[in-house]
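So the structure is just underneath, and the comments pick up after that.
The values are calculated or read from the model by the stated rules, or taken from the named source; none is laboratory data. Predicted, not measured: the structure shown is a model, and the values here were computed from it. Using ideal geometry, Cβ is built from the backbone for each residue, glycine included, and neighbour counts are taken over all protein chains shown.
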Amino acid sequence: MRLNSGAVSPLSGAYFRAAAEVSRALEDCPAWRELPGAYSRELDGGVDSIAAVELLRALLDEKRAGWEEALAVVAGCFTLRIPPSRAGAPIPIEALRALQMRDAGLVCTVNDRLCSRMWDAWPGDWLRIGESAVIRDEEADFTLLAAVLSSHVYCTKEELAGPLRALYTLDPARFTEIC
């Protein structure tokens, strides 16, 4: 009842909506490997990005998918369109941990794998890696998280030159500039 009245935090509301949506999607498509053809969603880089993490959790924990296979299915289901007036505030990782510990752990794992990939590309460039990490100062950048977990990212030239620069450099084919 509190969820419906808006008396919960935006993160909590987004999490419960995502959990219900992911559960429905998996029920509607029992052959979960085919989920990208049956379920798709556009994220805006805000708290709605928790949906990608929740789908990853469900695939790993409930469907017993392997990490790479689960990531491929998640990426096939989500695209990211960053609005020009992006104002997504970072989410304290402790807030996510208090809400859903497993999802917080997955965000940390996504961050670790991204940082490892950047380390391979730019060894010793701690500044670039730190600026492009999903988790900085114990806060998760959900826009960057959504960019990592989505198959395609639509964003402005400023985003490509700023926070998404490292990801764009690693995988430019996933990005489309919008005006």
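Per-residue answers, yes or no, for (1) closer than 24 Å to ARG97 by Cβ; (2) touching a Pro at 6+ places or on another chain (Cβ under 9 Å):
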{"position": "ILE129", "(1), (2)": "yes, no"}
{"position": "ALA133", "(1), (2)": "yes, no"}
{"position": "PHE142", "(1), (2)": "yes, yes"}
{"position": "VAL148", "(1), (2)": "yes, no"}
{"position": "TYR154", "(1), (2)": "no, no"}
{"position": "GLY162", "(1), (2)": "no, no"}
{"position": "PRO172", "(1), (2)": "no, no"}
{"position": "PHE175", "(1), (2)": "no, no"}
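For segment 77-96, residues that are over 15 Å from TYR15 (Cα atoms), surrounded by 14 or more Cβ atoms within 10 Å (Cβ to Cβ) and touching a residue at least 40 places away in the same chain (Cβ under 8 Å) total 9. Looking only at residues of segment 123-179 that are acidic (Asp, Glu) and assigned to a strand (DSSP E or B), we find that the one that is surrounded by the most Cβ atoms within 10 Å (Cβ to Cβ) is GLU139. Just name the residue that is modelled with the lowest pLDDT out of those in segment 32-51 that are closer than 23 Å to GLU69 by Cβ and small (Gly, Ala, Ser). The residue in question is GLY37. Under the condition of being within 13 Å of VAL53 (Cβ to Cβ), more than 12 Å from the chain's Cα centre (by Cα) and touching a residue at least 12 places away in the same chain (Cβ under 8 Å), the residues counted in segment 97-134 number 3. Within segment 60-77, one or more residues are in contact with a strand residue (DSSP E or B) (Cβ under 7 Å, 6 or more places away or on another chain) and under 20 Å from ALA38 (Cβ atoms). In segment 1-27, the residues that are under 20 Å from ALA98 (Cα atoms) and among the aromatic types (Phe, Trp, Tyr) form Cβ pairs under 6 Å with partners that are modelled with pLDDT of 95 or more and surrounded by 15 or more Cβ atoms within 10 Å (Cβ to Cβ), at six or more places apart or across chains, as follows: TYR15/ILE50.
In this structure, is SER40 within 24 Å of ALA173 (Cβ to Cβ), touching a Cys at 6+ places or on another chain (Cβ under 9 Å), touching a residue at least 12 places away in the same chain (Cβ under 8 Å) and among the polar types (S, T, N, Q)?
yes
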